[in-house]
Structures are given as C-alpha cells and as structure tokens.
Amino acid sequence: MSQLLNIKLPDGSVKQTPKGTTVYEFAKSIGSGLAKAALGAKINNDKLIGLSDKLEDDCAISILTWKDEEGRSIYRHTAAHVMAQAVKRLFPNVKLTIGPPLDDSYYYDFDLDQPLTVEDLEKIDAEVEKVVSEAHEIKRIELPRAEAIAYFEKRGEPYKIEIINELPEDAIISIYEQGEFADLCRGPHMPNTSAIKANKLLSVAGAYWRADAKNKMLQRVYGTAFPDKKQLDEHLRMLEEARKRDHRKIGRELDLFSFQDEGPGFPFFHPNGMIVYNELMDFLREKLVERNYKEIRTPMILNESLWHRSGHWDHYQENMYFTKIDDGDYAVKPMNCPGCMLVYRQGRRSYRELPLKFAEFGLVHRHEMSGVLHGLFRVRCFTQDDAHIFCTEDQLEQEVIDTIALIKEVYETFGFTEYHMELSTRPEDSQGSDEIWEMATTALENSLKHLKVDYKLNPGDGAFYGPKIDFHVKDALGRSWQCATIQVDFSMPERFDLNYIGQDGLKHRPVMVHRAVFGSIERFLGMLIEQTVGNFPVWLAPVQVAMLPISEKSLDFARKIANELSSAGIRVTLNAGEEKIGAKIRDAEMAKIPYMLVVGEKEAAANSVSVRRHGKGDMGVMAIEDFKTKIQKEIKERTL
C-alpha cells in the first residue's frame, strides 16, 4: 500500500495523497478546473516545481496558475526554450547562452555569426509553431558535473560548460530535454511543448555576454507568450500603444532631450526640455516653502573619508565614480545625504529648530551597467529632489505622516492617482544596531497604520542605513515605477556625531528622515511624457501658444498679440512663414502646442483671435483679454 503524504493547502487545510503523485495529478484531485489552469507549484513557500514533478514528502503547496507571477515565469521560461529549439533548427551552428523569463516577456541570447533580420524572426516564429505542434515531452535529467560537461562538449555548447564550471561543487546539475533539443537549466518547465498556446517574437538586439563589454556581443531575441491568442493580441496592442508613448521618441520629436555617444547614459536637456524640467522644480519649490523647508546645495565631489564615514564606501562603492584632486582620493556623490550632514553640523542646534528640513535638488552620479540604461528611466546622472528632515524621536511619526501627504498631493496634481506603498525592511548588507532598526521600522509602520494605508511588506529591501516606504506609481500603460521614498535613519546622525541641545540643556541625537517626492526628476519627467503622450498641460508645455497669421497682411497684428502675451508671462511662438494656414495648424498640432491663435484681417479689425485647442479643434473667436484671462487661469491653477 502506498505511503500517504500530508499536503497542506494555502487555506490551511491538509489533504492526503499517495507518495509519488505528480503535481498535475494532485491539482486534478482538488478540481479539474484547477488542473487545467495549473502551470506548476510552490512547495514550502520557496521551491518551485513543475507539473510532472512528484511529491515525495509532506509539504505545504500552492498550485500556480497564470494569476501567479511564478506561474507566468514557468510558462514563459518554457517558451524561451521552445524558441531556442527553433533557432537551433534554423541555424545549427548557433551557440546557446541563457534565456530567462521577464515580467511580461522572455529573451534568449545567441552566439551567432550572422545578424538576425526581421525576416529571420518570421521564420523562427513559424518554426516555434512547428515545435509546439510536435508536442515534445519536456524531461528533466540530472547528471554529475563531469558527465554534464561531457554532455555539452558533445553538443558544442561552450557557454553551458562555462556556467557548469562556475557552479558550487554540491550543485545539482539539471538538464531539460525536448525532442532533439537540450538546455542546462534549473527549471521548472511545462511538461510538453504543446502547452505554449500563443507565442510571438518581438525584436532582436545586441547584448554582451554577462553584460560585460569585454565579452563577445551576442544577439538577444525577445519574445512573449500567453495562454491564449486573445491575451496575446491585447498585449501586442498595448506594446503598440507603448511605442506611441515612448518618452525617447517623443523627446526627440518635441526637442526635449537627447543622449550622445560622448556621454552614454548621461541626458542632455534642450531648451524645450529645460522649460518642463524647471516648471517641475518650481512647482515643488512652492510646496516646500509652504512646509517650511530650507533649500541647500552641496558639492558634487567630496573626499573619500566622507564616504567611509557615511557607510557608502562599504555598501555602495560599486555604484560610485572616483577621481583624484591634489593627490587625494575623492568620489562623485551618488547621494546627497553626506553633504547635508556637514551642513547640519555647522553651528549649534537647538530643539527649538526641530524639525529642521533641508531640501536639495542635487545632481548625483551612479554607475549603471550599459545593458540596463533606458532613456530617462535609467540614467547615470540625475537630479534627486532630496530632503533630509532632522527631528526628535517624538516628532518622527508626524513627519512621516506629513511627508506622505505631500507626496499624495504632488502626484494627484499630475494625474497619478494609482499607486501603492511598500515598506522595505532591513537588508543583509546594513549598518546600525538591532535596536535602532526596530525603532525606525516601527515608526514607519505606525505612520501607515495611523493613515489606514494598505501597503505591501518588502522584507530585506531597505536602504543599508534604514527601512523605507516607497511609492510605486502606475502609468498610463499600467506599468509600475518606484518614485517617491521615505527613509528613517538613526545610523548616519550617529556616524557624523550630530546633536542638538534639548530642553534639559544636554546634547541629544536627532533622527533623520531621507525623503524624495519625484525621486529622480528625470524618471518622473519620462513618466509624465508617456502619461500625456507629450500633450503637456498648459502650465508645463514648452510653448503654450502658437500665433498663426493667415497672411502677411495680419503679421503685424499677430506680432503685437504675441508680444502682449509674452509680456504677460505666456510662452508664445510666432509662425511668420509663407505656408498656408492649414500647414501652420498642422505643424502646431505636430508640436503639441496647447493653443493656436489664428488671426486674419477680420480678427485684427475686431482685436480678437480665433482659438484652436490641440487635439480638440476650433473653440471659436475670443477677445484677446478674454483669452489671456482664460490661459492665465489654467496656468495658475495648474489645470490638467
């Protein structure tokens, strides 16, 4: 008689099943619907296994479906292997490297002498369909190290051998076979290639082996896979929408910013871009003045000893740039906080000054690998709208609550109403005692509970000096971006020996709150461009009004109105060209200028303008003063 295992389900109930039951069979014993949807399982809350894997011991189990991130990962990882099998068939000399799943897609990197073309992708897509239709069983085998190396030597796969040689001595070396294809892989995978119902290759790009420019350039093929064609078609529609909204494309079209070969990963802001950039900073400065922040500015390069004291040297060195000055070692700042410590330390501080709020729009530089750079979203230098709040322990929770309120107000001004908060706790690589970490984490938790905020716990992902609350904002495409942050730090004031004189006349240690609202102004601007598709609200638009004279006869009148609006602080451009008015309107629409004022002899005689709104068309004729009042109200109220 078979031994019965006790399997604990997510609801806490226990179900018995014979030892050796596969995950699929167990799911089917719960319900045919669950078995049909199942993609794999997680046992004991940490280990992923496939549907054909057998249950050998008592355990807790969660059956994974498409609703689960791990389930989607298993599915798309299998799709990556199917695609690699198709590539191997069409290009037998290709060398396989790695092919992981991503959030909504997957890729595989190939060492192939000839460049892959769009036509090649179409051929690979067709071959993928063939591999799927052949319904190959996907089998896992485990081999000793020497046998695994011999296995891939026979197949001519040097990258697989390199990976095996770097595995720990006690590592389990697993290989997944499907038909004539085999790949070194930890797994798990779907049981059969026929499980991949809807697959589409998306693009090909270059990628260095292991993201190291010293290594060979490989060809990375991206694809995506879904359980049915309807979901795939919707995803492809969203990708097309993303291409329309791509902030890099819109940035070029509106002449906002650029990236140059002379500074990869370092954005160059053009005049139009600087207008939007400065409007964002001016807006936030107003909010900070209302809340009694004091703005400071600290140097970009500081002595190495400072970074040792702050802890960045031990915990953040790989992300920093270094230089020498007068034979001394210096670092370009990756964060603004150590400089702010030095400002606080100047002079005698009293409890009467607290909370003391120092704000800084500080340019920071961080070393990022070339493979992760992505427009304004991931750059090597950016301006952080930083602030450091020095307060007493009794003031701490209220300062966190007030900061959350500021962040919400700012985001809602820009139409970002969908966001969630994550509380990140102590990482393994951290500094400071258990006691101060407990105090800091409790303060953040209490603030969130006071506001009755739903939040997600993110264990072990705090900053090295303290726990944090991060705001993750959803954009127009439903993607989530980490922007604002609130971090509580007991450690750095200790390291810099900061103090204030209390009511008792004795020295006390302040608590410090690091906070950013936009986070990176560059990233926030990129999000805003994609949210609006470059159709900025009037107050943010680089050019707010386009004056469009119908003919040369009305040019002087158009120039007079343009000057009048400009004197009133409105950003105006005058199209004095000889094109017909239809072409002028089209050019202004393409430039996404919010208002177009068409003037001819009739408007000049009546001292009026014919108003057009970008994307909406004709708004009728207005007296100049009425239009000026209307647009100034929109600008002042920062209407969306």
Residue among 534, 582, 577 that is free of Cβ contacts under 8 Å to residues at least 12 places away in the same chain and in a loop (DSSP other than H, G, I, E, B): 577
The stretch 411-439, residues that are of a type in the set (Val, Ile, Thr), in contact with an Asp or Glu (Cβ under 9 Å, 6 or more places away or on another chain) and in a helix (DSSP H, G or I): 436
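A quick yes/no check of all residues on (1) in a strand (DSSP E or B); (2) open to solvent by 20 Å² or more (accessible area, probe 1.4 Å); (3) among the hydrophobic types (A, V, I, L, M, F, W, C); (4) over 23 Å from residue 286 (Cα atoms):
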| position | (1), (2), (3), (4) |
| --- | --- |
| 322 | yes, yes, yes, yes |
| 358 | yes, no, yes, no |
| 363 | yes, yes, yes, no |
| 383 | yes, no, no, no |
| 401 | no, yes, yes, no |
| 409 | no, yes, no, no |
Qualifying positions in the stretch 591-640 - among the charged types (D, E, K, R) and outside any helix (DSSP H, G or I): 592, 612, 613, 616, 618, 638
Scope the stretch 484-517; condition part of a strand (DSSP E or B), open to solvent by 10 Å² or more (accessible area, probe 1.4 Å) and under 22 Å from residue 316 (Cα atoms); matching residues: 485, 487
Among residues of the stretch 12-28, those that are among the polar types (S, T, N, Q) and either surrounded by 16 or more Cβ atoms within 10 Å (Cβ to Cβ) or more than 16 Å from residue 60 (Cα to Cα) (or both), counted: 3
Residue among 562, 546 that is without any contact (Cβ under 8 Å) to a residue 40 or more places away in the chain and either within 20 Å of residue 629 (Cα to Cα) or not in a helix (DSSP H, G or I) (or both): 562
Tally of residues being open to solvent by 30 Å² or more (accessible area, probe 1.4 Å) and within 27 Å of residue 25 (Cβ to Cβ) across the stretch 64-96: 8
Residue within the stretch 225-232 that is within 30 Å of residue 594 (Cα to Cα) and surrounded by fewer than 17 Cβ atoms within 10 Å (Cβ to Cβ) present: no
Residue tally, condition open to solvent by less than 50 Å² (accessible area, probe 1.4 Å) and either outside any strand (DSSP E or B) or of a type in the set (Phe, Trp, Tyr) (or both), over the stretch 187-223: 11
Residue among 457, 477 that is closer than 29 Å to residue 375 by Cα, modelled with pLDDT under 90, hydrophobic (A, V, I, L, M, F, W, C) and surrounded by fewer than 16 Cβ atoms within 10 Å (Cβ to Cβ): 477
Failed criterion for residue 272 (all others in (1) open to solvent by less than 40 Å² (accessible area, probe 1.4 Å); (2) closer than 28 Å to residue 517 by Cβ; (3) out of contact with any Lys or Arg (no Cβ under 9 Å at 6 or more places or on another chain) hold): (1)
Near pairs, Cβ below 8 angstrom, 6+ apart or cross-chain, from the stretch 304-322 (within 14 Å of residue 492 (Cα to Cα) and of a type in the set (D, E, K, R)) to any residue that is outside any helix (DSSP H, G or I) and open to solvent by less than 30 Å² (accessible area, probe 1.4 Å): 309/496; 314/431
Hits in the stretch 74-112 - residues which are among the β-branched types (Val, Ile, Thr) and closer than 17 Å to residue 191 by Cα: 74, 78, 82
Filtered residue count, the stretch 330-356, keeping only those that are open to solvent by 70 Å² or more (accessible area, probe 1.4 Å) and either among the polar types (S, T, N, Q) or without any contact (Cβ under 8 Å) to a residue 40 or more places away in the chain (or both): 2
Among (1) crowded, with 19+ Cβ neighbours inside 10 Å; (2) among the basic types (Lys, Arg); (3) more than 25 Å from residue 534 (Cα to Cα), the one test that residue 592 misses: (3)
Residue among 369, 335 that is under 16 Å from the mean Cα position of the chain (by Cα) and either within 27 Å of residue 528 (Cα to Cα) or modelled with pLDDT of 95 or more (or both): 369
Count of the stretch 202-236 residues which are within 21 Å of the chain's Cα centre (by Cα) and either among the aliphatic types (A, V, I, L, M) or within 30 Å of residue 587 (Cβ to Cβ) (or both): 5
Residue list for the stretch 49-63, filter: surrounded by 21 or more Cβ atoms within 10 Å (Cβ to Cβ) and more than 32 Å from the chain's Cα centre (by Cα): 51, 55
Residues that are within 30 Å of residue 433 (Cα to Cα) and touching a helix residue (DSSP H, G or I) at 6+ places or on another chain (Cβ under 8 Å), drawn from the stretch 467-481: 467, 468, 469, 471
Any hit, the stretch 598-613, residues being closer than 22 Å to residue 247 by Cβ and open to solvent by 20 Å² or more (accessible area, probe 1.4 Å): no
Members of the stretch 323-340 found to be within 23 Å of residue 488 (Cα to Cα) and among the hydrophobic types (A, V, I, L, M, F, W, C), listed by number: 335, 337, 340
Breaking point among (1) of a type in the set (Asp, Glu); (2) out of contact with any strand residue (DSSP E or B) (no Cβ under 8 Å at 6 or more places or on another chain); (3) under 20 Å from residue 520 (Cβ atoms), for residue 368: (2)
Elements of type helices (runs of 4 or more DSSP H) in the stretch 1-118, at least 1 residues being touching a Phe, Trp or Tyr at 6+ places or on another chain (Cβ under 8 Å): 32-37, 69-90
The stretch 229-257 residues that are under 30 Å from residue 275 (Cβ atoms), paired with ones that are open to solvent by 70 Å² or more (accessible area, probe 1.4 Å) and not β-branched (Val, Ile, Thr) (beta carbon under 7 Å, 6 or more apart): 257/268
Matching strands (runs of 3 or more DSSP E) fully within the stretch 120-186 where at least 1 residues are in contact with a Pro (Cβ under 9 Å, 6 or more places away or on another chain) and open to solvent by less than 60 Å² (accessible area, probe 1.4 Å): 138-143, 173-178
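The values are calculated or read from the model by the stated rules, or taken from the named source; none is laboratory data. These numbers come from a predicted model, not from an experiment. Positions of Cβ are backbone-derived with ideal geometry, glycine not excepted, and every protein chain shown enters the neighbour counts. Side chains included, ligands, DNA and RNA excluded: accessible areas come from the protein's heavy atoms. Shrake-Rupley method; radii C 1.70, N 1.55, O 1.52, S 1.80 Å.
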